[in-house]
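As structure tokens, the structure follows; a few thoughts come after it.
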Amino acid sequence: MAYALEIEGLTKRFGNKTVVHDISFSVEQGEVFGFLGPNGSGKTTTIRTALGILRQDAGEVRFLGGLSAEEAMPRVGYLPEERGLLRKEKVSNVLRYLGRLRGLPKTEALDRGLELLHRVGLYEHRDKKVEGLSRGMTQLVQFVASLIHSPELIILDEPFSGLDPLNVQLMKEMLAAEQARGATVIFSTHVLSDVEEMSERVALIADSRLILFGDLHEIRVSRGANAVVVEAPSHPSGLPGAQKQAGRGGQIEYRLSDELNPEMILNAYASAGIVLSRFEQVLPSLNDIFIEEVSNARQKNG
Amino acid sequence: MPGKKTADARIIFEEEFSRQIRRTGWRVFTVGVPVLMLFFAFILPMIMDRFGSDGEGGDSVGEAIGFIDHSDVAENLEPLPGLIRIEELDDGRKALVDGDIKSLFVIPDDYLLTGEVDWYRIGSGLASDDNTGDAFHNVLRIAVADDALTDAQITRLISPASYKLFKVDELGQTDTSSSLKDEIGKAAPAFIFAMMLMMSIFVGSGSLLQSVTEEKENRMVEMLVTSTSSMAIMVGKVLGLGAAGLLQIAIWLTVAAISVPQISDQFSGLSSLSVEPDLIILMIAFYFAGYFVFAALMASIGAASTSVREASQISAIVMVPAIVPIYASALIIPNPDGTLARVLTFFPLTSPTASMMRIAGGTDRMYEVVLGLVVTALAGIFLMWLSARVFRAGLLLYGQRMSIRSVWGALRQSG
């Protein structure tokens, strides 16, 4: 398997505080990978350390089939979490500058920058100074800068934060196009719906440690069903466990627990003589897994 | 990947250079200094022609002077251009009012005994600043000497000596002679160069401080360090802004080269101004060496600071030593090989300006100046290397309060 990024035992300390603790995961080439974690869990420090902005205290990082960060950088696009560009410069000049630093000739850097500005709807702002743009616009320009050299690996730290839904959708479409081109996309977030929508594989960190890594569907299956959805003309009373109305009138979701399993639910409906039109075991959502894993990790770490 | 680093440094150099010369502050400063030069070259002489005087001529008294002689001391005085003999005081006052003469001098009959002369003048201004007083002194010298002295003796009475200087070294050898004017002519450019050097170094390194601090403050630096090495960033920035500073000096020197010949006609002292090629080479060498030292320090301060304001406050501590030789010029120029001058020559922060001051003072130890240049250049190279590390380490200090300990810790972490 060819990996776009392999992290092994990565550890980073600031003084006596360990902010990234022995983290290992790998990202396959051509996939969109979600890097999850609550605020302050160490996502940004992990990314910065992996990219060589910070020096790791232990561990190894390999890019694009075994390259060091320095060797791989011309083929990597990076959107930092903390946004900012040269405020007094024109948008087109900034893109030309960053494009050149990523290996494009002067004219090509400008042309490619303008082409991408077209795609994000900012072409008419090309001669404006960065300080004249809104925060969302600046973020889009920075996003454009990370794609300007058609990188093989795109690393985005909280790319959707602060953007309106239209721009979030635009960015997702552009990332899908990048994936279709063959690029690998890694993005960090704490917005779980974005990960469920875009990624097949994820890594979850909490309190500086990796607590979950792998295929999202497999993770959910491995957890087993945690609820049952039943659709019927009426519902029996007296079933234990949490219940909630799931969507339309005839549908109910039973939360499974030690006191309530799918067989007990089926028996209850059969005893009451109610004919079921739907009986479906539901896998846990990423949200459920996230909350459970992060809570467990916090309890474990005190 | 040395090839990529060199190419990146060149890109950063081009961008920084072009950004710097587009800055309003740089343009105003670059144009402002020559405008001042041109003011002194053309406008000031015109003003002085209109309001000033040129009373130094030997065969004329300059602006018209009237005199009334009651003592007969000037009875046989031959007519001099601009000197008007007047008989009556009322006629003299009228000539003053009409503007025919600038001053009226009345020599009383007991002049030879008392030396007292009445001086009538119009308008405001100090009499001590009025050159007609000196001009009439010469008239009186000629008048008193009368036929007792030859013309040559009278000339020497008025202008007793023009000194020719010979320097004797420790072995008793005498070097080439020069005049006082020559000495001033050689000293003045070195002094002016020292001022220009200081200004340009300050502008260049100050811009670097601003550039680094802003890029750190607006997080642009994270985009840069993932594009190229911190050394390429630092080298590109320092050379780009340094080249802009050199362009500034080149513009100033060009304007000076054009304007000094113009101004020298107006000011006799400037006619002897001479700029040796050695001095220009030394100045450029000191510019680079000094600029590297200050730029590296400024970049380090910018990288380790959390805001532009904090960086500006700290940078003032570094700037002060560079000004010391300018303030101490009254001590260095008269004694260019004294202990103070020699110590300041070997301290990288003061070496560029102190060395120029020593040259202005006519140092006999040029080898020390060259050695000071080497020390400054080596310090510049070392500080550049260090600043690249601090620049990298500065990334670790986002939002942290700066202390020596935190910078040291960040330096170790940055590798």
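Just so it is clear, none of the values below were taken in a lab; they were calculated from the coordinates. Computed from a predicted model, the values in this text were never measured in an experiment. Glycine also receives a Cβ, built like all others from the backbone with ideal geometry; neighbour counts cover every protein chain displayed.
Annotation: the protein assembly as shown has a Kirkwood hydrodynamic radius of 32.7 angstrom, from the mean reciprocal C-alpha pair distance. Mean partner shielding of peptide B:14-24, defined as the number of other chain Cβ atoms within 10 Å of each residue Cβ, is 2.
Calculated mean residue ellipticity at 222 nm for chain A: -10500 deg cm²/dmol, from DSSP H runs with n ≥ 4 weighted as -39500 (n - 2.57), summed, divided by the residue count and rounded to 500. The overall shape of region B:61-106, judged from the alpha-carbon gyration tensor, is oblate: a/c is not under 1.5, and a/b is no greater than b/c.
Alpha-carbon geometry of region B:65-161: the Rg and the Dmax are 13.6, 40 Å, given in that order.
Using Cβ counts within 10 Å as a stand-in for footprinting exposure, how do B:Asp72, A:Asp57, A:Asp157 rank, fewest first?
If I rank by nearby Cβ atoms, fewest first, I get B:Asp72, A:Asp57, A:Asp157.
Other residues with beta-carbon under 12 Å from the beta-carbon of B:Thr350 carry, at +1 per Lys or Arg and -1 per Asp or Glu, a net charge of +2. Note: relative contact order over region A:3-220, using C-alpha pairs below 8 Å and six or more positions apart, is 30 percent. Quick one: grab the alpha carbon gyration tensor of region A:146-295, order the square roots of its eigenvalues as a ≥ b ≥ c, and give me rounded if a/c is under 1.5, else prolate or oblate depending on whether a/b is larger than b/c. Judged from the Cα gyration tensor, region A:146-295 comes out prolate (a/c at least 1.5, a/b above b/c). With neighbour counts taken as other beta-carbon atoms within 10 Å, the residues A:His149, A:His118 rank, fewest first, as A:His118, A:His149.
Past 18 Å, Cα to Cα: identify those pairs from A:Lys90/B:Lys4; A:Lys17/A:Lys43; A:Lys12/A:Lys43; A:Lys88/A:Lys128; B:Lys4/B:Lys237; A:Lys106/B:Lys4, in the order given. Distance filter (> 18 Å) returns A:Lys90/B:Lys4. Using r as the Cβ-Cβ distance of A:Ala272 and A:Asn296, and R0 as 56 Å, what FRET efficiency do you calculate, to the nearest 0.05? With R0 = 56 Å, the Cβ-Cβ based efficiency is 0.90. Sorting B:Val31, B:Val235 by the number of Cβ atoms found within 10 Å of their own Cβ, with the fewest placed first, yields B:Val31, B:Val235. Over chain A, the fraction of Cα-Cα pairs per 10 Å bin, rounded to whole percents and listed from the shortest bin up, is 6, 23, 27, 20, 13, 8, 3, 0.
When the Gaussian network model of chain A links Cα atoms closer than 10 Å, the mean-square fluctuations of A:Val282, A:Val20, A:Val195 top out at A:Val282.
Over all other residues within a Cβ to Cβ distance under 14 Å of B:Gly3, the charged ones net out to 0, with Lys and Arg as +1 and Asp and Glu as -1. Other residues within the sphere of radius under 13 Å centred on the Cβ of A:Ala58, judged by their own Cβ, net out at -1 (K and R +1, D and E -1). Taking every alpha-carbon pair under 8 Å whose residues sit at least 6 apart, region A:75-146 reaches a relative contact order of 45 percent.
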